[in-house]
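**Student:** Okay, handing you the structure first.
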Amino acid sequence: MKFKDRNLRAIAEMVIGDSQYFPYRSSSYITQFFEECDLDFVHDGSTRWYWTVERLSELLQEPQPIANALPECFVHVLRILMHKSDAEEDDPDRSLALEKLNKPLSREGYEAFYGEDDVLYIRHIGTKTISTAPNPHRPFTPKEVKKREQLIDYLDKCSEDELIEEVLLPLFRQLGYHRITAAGHKDKALEYGKDIWMKFILPTQHVLYFGLQAKKGKLDSSGITKSGNTNVAEIHNQVMMMLGHEIFDPEIGKRVLVDHAFIVAGGEITKAARNWLGNMLDASKRSQILFMDREDMLNLYVVTNLPLPKGVISEAPAAEDNELPF
């Protein structure tokens with residue numbers, strides 16, 4: 001990846017503090033800054049901005065983790081640069097520094113924002129892909145815990161269609177999937193039990209196609225299934241049809257096979273249900289099945305900083321500027 005010279009210089013001047021709202025760094029402090037970023041760059045006494053541009057350019061040459069994402073080391077440098085502990089007196093919440101950083105980033109198709117954990121994240125403006133997505137297994141802040149509880153209440157009351165439209169579609173868009181299509185949309189490409197189909201572009205520009213089958217309640221494997229639950233045998237039939245039939249991708253004008261199938265439950269997917277499905281699939285198809293239950297969904301939804309669904313928006317605090325509307 002390569003940034004335009006003017007944009008890379010603007011970011012370099014923020015690093016060395018030749019830009020307003022950023023602390024000034026002399027030669028030794030530039031070296032110290034990169035040490036904080038876990039990099040072994042040592043300033044050699046040459047022109048500060050030019051040397052820093054060269055180091056940032058090196059970081060941009062590293063492999064991208066996913067398509068439309070910035071390299072992890074480059075994002076880490078921006079996070080250290082924008083840490084709120086380095087706020088200047090005239091910019092205590094770093095909002096002005098953030099505005100300044102977003103000028104060169106936006107010219108490259110990216111924008112920076114603070115998550116609810118006060119950590120800086122970078123997303124691609126066009127696809128909403130987040131570079132180095134937040135860790136769903138980290139401890140949550142009190143505000144995130146409250147948001148999680150509100151989402152649990154919503155999942156208890158919502159319909160299966162609302163689960164798909166209000167929760168899963170925004171979530172997978174935010175995670176970097178493309179051409180996300182749900183049943184009832186214009187192209188009506190869904191058949192054979194697929195609630196959603198979508199594609200994911202690898203850094204090599206190869207494309208993987210995903211089908212998704214969503215169920216609102218718990219997935220179990222018991223002979224008599226309680227009301228509101230779904231037997232995994234039903235899912236097995238739908239997954240086999242999903243993997244065996246083609247979908248039409250209008251962007252390339254061809255029919256393609258689904259590479260992987262997501263099984264998403266608004267409740268728990270019991271261990272017995274997972275084992276039963278694994279035993280029913282042969283070795284070639286077992287690796288194609290991905291599971292996501294309520295806990296996975298909740299954690300991903302919260303850490304990706306998505307706003308709450310419409311059904312609970314009146315109960316939640318007003319959305320902040322750094323939240324991601326769809």
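Here, each number is a calculation from the coordinates, and none is a lab measurement. Just so you know, these numbers come straight off a predicted model, no measurement behind them. Virtual Cβ from ideal backbone geometry, glycine too; neighbours counted across all protein chains shown.
**Student:** Tally the DSSP beta bridges in the chain and give the antiparallel ones as a percent, rounded to 5.
**Tutor:** Just about 60 percent of them are antiparallel.
**Student:** A follow-up question, please. To the nearest Å, what is the center-to-center distance of the stretch 9-41 and the stretch 236-261, using C-alpha atoms only?
**Tutor:** Using only Cα atoms, the two centres lie 49 Å from each other.
**Student:** Using the C-alpha atoms of the chain, what convex hull volume per residue, in cubic angstrom, is computed?
**Tutor:** About 154 Å³ per residue, rounded to a whole number.
**Student:** Could you please state, rounded to a whole Å, how far the C-alpha centre of the stretch 75-117 is from the C-alpha centre of the stretch 132-182?
**Tutor:** 25
**Student:** To continue, here is another question. Give me the distance in nm between label points sitting 7 Å out from Cα along the Cα-to-Cβ direction at Glu160 and Leu60, one decimal.
**Tutor:** The modelled label-to-label distance comes out at 4.8 nm.
**Student:** Assuming a ≥ b ≥ c are the square roots of the Cα gyration tensor eigenvalues, decide whether the stretch 142-312 counts as rounded (a/c under 1.5), prolate (otherwise, with a/b larger than b/c) or oblate.
**Tutor:** oblate
**Student:** Taking only C-alpha pairs under 8 Å that are 6+ residues apart, what is the relative contact order of the chain in percent?
**Tutor:** So the answer I get is 14 percent.
**Student:** Hey, fewest Cβ within 10 Å first, where do Val119, Val302 land in order?
**Tutor:** So the ranking, lowest neighbour count to highest, is Val119, Val302.
**Student:** Does anyone have the angle between helix 232-244 and the longest principal axis of the chain? Alpha-carbon axes, 0 to 90°, nearest 10?
**Tutor:** Helix 232-244 sits at roughly 70 degrees to that axis.
**Student:** Is there a pair in Lys157/Lys218; Lys103/Lys147; Lys146/Lys199; Lys215/Lys254; Lys84/Lys146 whose C-alpha atoms are over 25 Å apart, and which pairs would that be?
**Tutor:** In this structure, Lys103/Lys147; Lys146/Lys199; Lys215/Lys254 lie more than 25 Å apart at Cα.
**Student:** In the chain, which longest range has no GluC sites (Glu not before Pro) that are both DSSP loop (not H, G, I, E or B) and surrounded by at most 15 other Cβ atoms within 10 Å?
**Tutor:** Longest run free of exposed loop sites: 90-190.
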